[in-house]
Protein chains: 4
Amino acid sequence: METIKVAIIGCGTIANSAHIKAYMANPNAEIKYFCDIRKERAEKAVSDYQCGEAIEDYHIALEDPEIEAVSICTPNNVHASIAIDCLSAGKNVLCEKPAARTYAEALEMQKAQRQSRKVLNIGVVNRFNTGVNIIRKMIESGELGELYHVYVSFRSHRSIPGLGGAFTTKSIAGGGALIDWGVHFLDIVMYCSGDPQPLTVTGQAYCKLGKNMANYAYMNMWAGPPNYEGTYDVDDFVTAMIRTEGPSITLNGAWAQNIGIDEMYIDFLGDKAGIRLQYGADFKLYSAQNGALLETIPKFRMEDMFQNEIDGFLTCIRTGEKLPSHIDTVILSSKIIQAIYDSSDKRAEVSF
Amino acid sequence: METIKVAIIGCGTIANSAHIKAYMANPNAEIKYFCDIRKERAEKAVSDYQCGEAIEDYHIALEDPEIEAVSICTPNNVHASIAIDCLSAGKNVLCEKPAARTYAEALEMQKAQRQSRKVLNIGVVNRFNTGVNIIRKMIESGELGELYHVYVSFRSHRSIPGLGGAFTTKSIAGGGALIDWGVHFLDIVMYCSGDPQPLTVTGQAYCKLGKNMANYAYMNMWAGPPNYEGTYDVDDFVTAMIRTEGPSITLNGAWAQNIGIDEMYIDFLGDKAGIRLQYGADFKLYSAQNGALLETIPKFRMEDMFQNEIDGFLTCIRTGEKLPSHIDTVILSSKIIQAIYDSSDKRAEVSF
Amino acid sequence: METIKVAIIGCGTIANSAHIKAYMANPNAEIKYFCDIRKERAEKAVSDYQCGEAIEDYHIALEDPEIEAVSICTPNNVHASIAIDCLSAGKNVLCEKPAARTYAEALEMQKAQRQSRKVLNIGVVNRFNTGVNIIRKMIESGELGELYHVYVSFRSHRSIPGLGGAFTTKSIAGGGALIDWGVHFLDIVMYCSGDPQPLTVTGQAYCKLGKNMANYAYMNMWAGPPNYEGTYDVDDFVTAMIRTEGPSITLNGAWAQNIGIDEMYIDFLGDKAGIRLQYGADFKLYSAQNGALLETIPKFRMEDMFQNEIDGFLTCIRTGEKLPSHIDTVILSSKIIQAIYDSSDKRAEVSF
Amino acid sequence: METIKVAIIGCGTIANSAHIKAYMANPNAEIKYFCDIRKERAEKAVSDYQCGEAIEDYHIALEDPEIEAVSICTPNNVHASIAIDCLSAGKNVLCEKPAARTYAEALEMQKAQRQSRKVLNIGVVNRFNTGVNIIRKMIESGELGELYHVYVSFRSHRSIPGLGGAFTTKSIAGGGALIDWGVHFLDIVMYCSGDPQPLTVTGQAYCKLGKNMANYAYMNMWAGPPNYEGTYDVDDFVTAMIRTEGPSITLNGAWAQNIGIDEMYIDFLGDKAGIRLQYGADFKLYSAQNGALLETIPKFRMEDMFQNEIDGFLTCIRTGEKLPSHIDTVILSSKIIQAIYDSSDKRAEVSF
């Protein structure tokens, strides 16, 4: 396979912790550009990884005919515009999650993909997680019987990221706990239960614990220290109920809550068996047999899901295979998240 | 205070474990009749407690002018008719929870109460629980700040009662996990948050794990052994989301589920502090002060809530005081439960 | 802020573990001299930290007009003389705890500070500890009600430092467990309770377990191995009772005792609530509300108290702000410690 | 040995739980009178134990020449007057602890004993405890080396007895935590260290947590339910330091405190070994040998200390042996307790 030349747009945390090293570990890829509007971050990447060229304007990469693939690792507010530009320029795109700030933006991206006939995958990296794929197969094969309900908990005592920064500014991020964490959890549910169409969505999103920024007590903070001059107008707690063509789904999520217990798991309830998946870790299977109740702990080699994601992206550029991370699949959770925010605003259920 | 003569209607578990001994411990009460359509149960009570007279037909008690108070401890299907008969006969009534099988029946009971001007209290015994009352005061006094959401979990791995009996027959019980357990949990939420009016209700109730009775694996069973010839047509799992004039509420409840972890708690989420109440046990308060996160474990003398309930009932017969367990308050959770079942049937949100 | 040039006098444990790295982490400070009468220790510091000049005689630093700040990290016996020299030379001084061997020496230091109008802070580093400050605020705000008694326990099974060395020689250290450990504990009590004036002091200090040095059994020893040729004439156990204008205080302290349980804590007893602070760690708050007894565990980000101390020292050189570690405040615990030793000698209470 | 006829004066808790059954278990004793000013309590004793005669006025027993021995189990305020009456009438007396409300009263009792030449023992029952006697022998034999300090902790989170009753009324009980609990602990210390003469006493007694009776939160209460109409003017916290001809002693005691940890122990600190005695339970010995630190847990048959006390009392009536519970010994702790209260009032040390 001929080497694929890649441009990294946005050289922040997710680029450095996941994308760049996965491209470098793939023998068929070569990073040609590191792009960041903060030039020094692009330059640092060139220096750290000893490859590529630092640029400030991503159009330079788009105009370079050698570039076939682009990873978009920017804040959410420019996902859509950059992805559409890239596709229009004939590039294949891996865009970090969430697809976009809104469902409307995501639909524009999907449209651009269709017109360009290039790849547009979204960084729903759990679809490349070993444990998640085992669960998906178990459900598909009927091991759980009828999957009638899924309960999703992504609740943390204190985990607001970069208070006052891009993560907590709605015009940049599109939302808070739901769009940033919920998108991963919901994506796992959708993937494992066969991406069923949503029928009704009701939910409430609350902006409570971070809005009085000076009073927000915490032990540590990811994505940078607080910027008390910044903006905090996103959801730090969200609750919702979704009916689908498959199981019903309820969720409670919190970047921050006044319950001092972190509960990050998904319960898949089937009439024959059930699964509790600890997010990012292992899972247990509960079943029954001959009158006995069974608790099963599976062990398996956990592959590097980011590597799988990047490898899959590079391969499908050549093969044309449609991955589970394709915009056509991911658009569904974008639709659901939008509906939760809409339902929250009007305080009533949304029906499709 | 002159002694109040009492009739116990229904001499099953709840009568024996709670009502009868509480009346006997109250110096102002005297049990005159034990009534049960299974005469031998009434006779056993007379023999066990060395007082009263065993009757089969509760009308005998209603015609006795000495009887001032009645405890209704029957299955749910005759709550309404007996309560209405008692009130019409000028008796004061303490009726076990749930008020009735349906909201319509509960409204009939409320109407009968208003016409009779006698007491009609419902056995929402948690309103007489020490810990619950401490939480209620904390919320009322603003210690939690704005209470914006409550999450309710009453999920058990295996706890279907008397499979195939009165508890699992919809025409008798009116429902399953929701009406039997959920009524207690929802009642605590309503009580602690000031009995707010519901605005929207959406939910799904599932009859999954018990319906194939022979295949139901379990470790033990309360309310009697399985009757495989009986009926199982009630919910063993329920999920719902409720918007109120106060907090939003989500719940997941299971008499049985294929997740091998019992989770019986209520999370009260306020913007200043939160509480996790372990049902029937103690609670923790989570707050913050001067940048520190605080976890508080209260210890308190746990009073006998059934005794408080019965004492309160007897006193209010004399004083006319309206207790928190009055039908006028309890009717709200009856309305919500009905709406959850209705919403489940039509697979859409119910608005008031 | 213009850079402050600093001299470190004494390059032993406390200098290396705390002072030096805090100065280096402060952008406004620059260490110009490392001074130690054992020249090789000063030279090691220059080499380790890649800055400054090694000197043997601190007068060199005092004669350098660029030096504005001095940290005194020597044994206790030269605290007073060096601090007075420094102040007389117009330098600002941070002197490790205890201020001096005796109250008389500490008063001389205070006098020199007043004449020089320069800063003289003492290394009562717990006044810059996050948890201690939270407790102080709780007490100040009345959360404990009336603080009527404080019990202080600094008892270790076996912790005599450098047996036979500077720590255990009265003419150098001024005392043992009381002046070395007790000063910290007493300082926390004084700080948290608003630095109340002492009224009466009675106490007994015992030199028992270390005096027969060869027989002293121990598991490990801080501040160097035993020197069996050295001196051991200090207190390894002390007990005292102090009346103040605020709470009464009792203490039991042991560098070594024949009770195999380490108990290092301070109990603040208020009539509304109480606190047990585990020295160097976290604390619990005990209160009551609505008949319930509450146990509260605060979590908070623990700041680096040595960094806070040094940062505060550097800032107050510029601003003139009087910190809680100023000699004028710290002199009170020096007075109390002196009175405990005096009371022990004459076996009677000392009144002020 | 000829049977000794006994009168029990005061038929409350301590009589029923300890004295009466011990007399009944001793073949040489016979209870002839149960006396109580509440006649029904005396009558209940006659009925319960099927022996003796119920009387309301103890003078009936004093006038009965058959009576040789009297147990005084009344509230503290009548200990002295009844004991003196009994001795004057030629009876041998076992009087419950404390000897009296004040040192002056105790001295009167001692005087009456000397004049009567009859037995006057005080109910310092721990002097008949197996573990306490083992400790006493260890100290006496030099196993601890020089016993230089004893620390006494009798601190409970919540244990005020009969709030508003005899225990909490100073004119009846003479004091609170110190006189009721402290007397036992101090007595053990005095006994084990050879009843050394006190030299100086300083202390503070506080009446804080119970005085606002309605606000006193507690889990359970011994010696009866609260009487909110009653009096609460005794110490619920006490601290003191005592110098003796032997070891120094410090103590902290609490019937109630806002520290949620019960600590009921005595630490005996010797320069060779030390002991921590858990009150009412076992003890540990800490020593050193050949450079090793040793922790020793002794096991022994725990005898019934009340039985030992009563048996000893009965025997010494015949033999004339002076027991460790003789008023001449016990008077010392009465003197110390008085001095603590006096020192607390004048806020200064008391010297003898």
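Structure summary
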{"quantity": "Among (1) under 30 Å from C:TYR206 (Cα atoms); (2) within 23 Å of the chain's Cα centre (by Cα), the one test that C:ILE310 misses", "calculated": "(1)"}
{"quantity": "Complete set of residues in the range B:137-173 that are within 14 Å of chain C (Cβ to nearest Cβ) and either touching a Ser or Thr at 6+ places or on another chain (Cβ under 6 Å) or surrounded by 20 or more Cβ atoms within 10 Å (Cβ to Cβ) (or both)", "calculated": "B:MET138, B:ILE139, B:LEU144"}
{"quantity": "Test result for C:ALA106, more than 26 Å from C:ALA281 (Cα to Cα) and out of contact with any Ser or Thr (no Cβ under 6 Å at 6 or more places or on another chain)", "calculated": "no"}
{"quantity": "Residue check, A:ASN252 in a loop (DSSP other than H, G, I, E, B) and assigned by TED's automatic domain parsing to the domain that holds A:TYR206", "calculated": "no"}
{"quantity": "Subset tally (residues that are in the same structural domain as D:GLY131 (by TED's automatic domain parsing), among the aliphatic types (A, V, I, L, M) and touching a strand residue (DSSP E or B) at 6+ places or on another chain (Cβ under 9 Å)) for the range D:281-322", "calculated": "6"}
{"quantity": "Conditions (1) away from every other protein chain (no Cβ under 11 Å); (2) more than 25 Å from B:GLY165 (Cβ to Cβ); number of the one not met by B:ILE249", "calculated": "(1)"}
{"quantity": "The range B:109-147: number of residues that are under 22 Å from C:GLY291 (Cβ atoms) and part of a helix (DSSP H, G or I)", "calculated": "15"}
{"quantity": "Check on C:ASP311, free of Cβ contacts under 8 Å to residues at least 12 places away in the same chain, assigned to a helix (DSSP H, G or I) and more than 30 Å from B:LYS299 (Cβ to Cβ)", "calculated": "no"}
{"quantity": "Filter result for C:TYR341 (at pLDDT 95 or above, within 14 Å of chain B (Cβ to nearest Cβ), closer than 27 Å to C:GLY246 by Cβ and crowded, with 18+ Cβ neighbours inside 10 Å)", "calculated": "no"}
{"quantity": "Single residue of B:ALA69, B:ALA61, B:ALA89, B:ALA99 found to be surrounded by fewer than 24 Cβ atoms within 10 Å (Cβ to Cβ) and among the aliphatic types (A, V, I, L, M)", "calculated": "B:ALA89"}
{"quantity": "Qualifying position, being over 25 Å from A:SER344 (Cα atoms) and of a type in the set (S, T, N, Q), among B:SER159, B:SER153", "calculated": "B:SER159"}
{"quantity": "Test result for D:ALA205, more than 18 Å from the chain's Cα centre (by Cα), of a type in the set (A, V, I, L, M) and modelled with pLDDT under 95", "calculated": "no"}
{"quantity": "Unique residue being in contact with a strand residue (DSSP E or B) (Cβ under 8 Å, 6 or more places away or on another chain) and outside the structural domain of D:GLY175 (by TED's automatic domain parsing) when the list is D:GLU53, D:GLU63", "calculated": "D:GLU53"}
{"quantity": "Residue in the range D:67-79 that is touching a residue at least 60 places away in the same chain (Cβ under 8 Å), outside the structural domain of D:GLY174 (by TED's automatic domain parsing) and of a type in the set (Asp, Glu) present", "calculated": "yes"}
{"quantity": "Residue in the range C:3-21 that is without any contact (Cβ under 8 Å) to a residue 40 or more places away in the chain, out of contact with any Pro (no Cβ under 8 Å at 6 or more places or on another chain) and part of a strand (DSSP E or B) present", "calculated": "no"}
{"quantity": "The range B:278-294, residues that are more than 7 Å from chain A (Cβ to nearest Cβ) and in a strand (DSSP E or B)", "calculated": "B:GLN278, B:PHE283, B:LYS284, B:LEU285, B:GLN289, B:LEU294"}
{"quantity": "Subset tally (residues that are facing chain C (nearest Cβ under 8 Å) and farther than 22 Å from C:GLY203 by Cα) for the range D:252-263", "calculated": "5"}
{"quantity": "Residue within the range A:216-223 that is among the hydrophobic types (A, V, I, L, M, F, W, C), in contact (Cβ under 8 Å) with a residue 40 or more places away in the chain and at the interface with chain B (Cβ under 10 Å from one of its Cβ atoms) present", "calculated": "yes"}
{"quantity": "Of all residues making up the range B:228-243, the number that are over 18 Å from the mean Cα position of the chain (by Cα) and either more than 11 Å from chain A (Cβ to nearest Cβ) or modelled with pLDDT under 95 (or both)", "calculated": "6"}
{"quantity": "Filter result for the condition that a residue is surrounded by 22 or more Cβ atoms within 10 Å (Cβ to Cβ), more than 9 Å from chain D (Cβ to nearest Cβ) and within 30 Å of D:TYR151 (Cβ to Cβ), over C:ILE275, C:ILE297, C:ILE266, C:ILE331", "calculated": "C:ILE266"}
{"quantity": "Count of the range C:110-134 residues which are more than 14 Å from every other protein chain (Cβ to nearest Cβ), on the phi < 0 side of the Ramachandran plot and more than 16 Å from the chain's Cα centre (by Cα)", "calculated": "9"}
{"quantity": "Selection from the range C:200-215 of residues that are within 7 Å of chain D (Cβ to nearest Cβ) and in contact with a helix residue (DSSP H, G or I) (Cβ under 8 Å, 6 or more places away or on another chain)", "calculated": "C:THR202, C:GLN204"}
{"quantity": "Evaluation of A:VAL330 against (1) assigned to a strand (DSSP E or B); (2) under 24 Å from A:GLY194 (Cβ atoms) (one fails), failing number", "calculated": "(1)"}
{"quantity": "Residue identified as of a type in the set (A, V, I, L, M) and closer than 20 Å to A:ALA173 by Cβ among A:ALA288, A:ALA223, A:ALA273, A:ALA281", "calculated": "A:ALA223"}
{"quantity": "Sole exception among (1) more than 30 Å from A:GLY90 (Cβ to Cβ); (2) over 20 Å from the mean Cα position of the chain (by Cα) for A:ALA254, by number", "calculated": "(2)"}
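The values are calculated or read from the model by the stated rules, or taken from the named source; none is laboratory data. Keep in mind that what you see is a predicted model, and the values were worked out from it rather than measured. Cβ coordinates were reconstructed from backbone atoms using ideal geometry, including for glycine residues, and neighbour counts include every protein chain displayed.
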